[in-house]
1. Modelled label-to-label distance, D73 and S17, 7 Å Cα→beta-carbon offset: nm?
2. Where in the chain is the longest stretch that carries no chymotrypsin sites (Phe, Trp or Tyr not before Pro) classed as loop by DSSP and with at most 10 other Cβ atoms within 10 Å?
3. Mind checking region 1-76 for GluC sites (Glu not before Pro) that DSSP puts in a loop (not H, G, I, E or B) and that have at most 10 other Cβ atoms within 10 Å?
4. Computed from the mean reciprocal separation of all distinct C-alpha pairs, what Kirkwood hydrodynamic radius does region 58-111 have, in Å?
5. Suppose every K and R has +1 on its Cβ and every D and E has -1 on its Cβ; what is the size of the dipole of region 28-101 about the Cα centre, in Debye to the nearest 20?
6. If you roll a 1.4 Å probe over the heavy atoms of the protein chains, what accessible area per residue do you get for the chain, in Å²?
7. Would you kindly state the longest site-free stretch of the chain, with sites defined as trypsin sites (Lys or Arg not before Pro) in a DSSP loop (not H, G, I, E, B) surrounded by at most 14 other Cβ atoms within 10 Å?
8. When the convex hull of the C-alpha atoms of region 1-57 is computed, what volume per residue in Å³ does it have?
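The values are calculated or read from the model by the stated rules, or taken from the named source; none is laboratory data. Keep in mind the model is a prediction, meaning the values are calculated, not measured. So basically every Cβ, Gly included, is an ideal-geometry build from the backbone, and we count neighbours across all protein chains shown. Side chains are part of the model used for accessible areas, which takes the heavy atoms of the whole protein and leaves out ligands, DNA and RNA. Shrake-Rupley method; radii C 1.70, N 1.55, O 1.52, S 1.80 Å.
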Amino acid sequence: QVQLVESGGGLVQAGASLRLSCAASGRTFDNDYMVWFRQAPGKEREFVAAIRWNTGSTYYLDSVKGRFTISRDSAKNTVYLQLNSLKPEDTAIYYCTTNPYYYSRQAGSYPYWGQGTQVTVSS
């Protein structure tokens, strides 16, 4: 059973930084795409960033390029999302997910989800 546990969210001021973590367990993830989504109140879940575990290839939402960085630590089976230069519009619950076959920007493509971690950015 795949388990994904997010942590690291918080309440910060605009311009601050946070590092989110997603601890993955239940099977090996060597070939997986590990993906971060976010969901703001009243909005659909939105793709943020993805990383291919074995190659390190990364993909980003245009509005976070240059501010957010996705990375992984194979020894810890953990994926990170470094959030820099945060803006109020980044406020959302951030979720991680995984797919061993392909990467998609559609939330419906992913069967497993963590509980999410809240990021709130004040102006």
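1. Label-label distance for D73 and S17, simple model: 1.6 nm.
2. 1-100
3. Passing both the DSSP loop test and the Cβ count: E44.
4. Taking the inverse mean of 1/r over all distinct Cα pairs, region 58-111 comes out at 13.0 Å.
5. Computed about the Cα centre, the dipole is about 120 debye.
6. Each residue of the chain exposes 50 Å² on average to a 1.4 Å probe.
7. Within the chain, the longest run free of exposed trypsin sites (Lys or Arg not before Pro) spans 66-104.
8. Measuring per residue, one finds 117 Å³ for the Cα hull of region 1-57.
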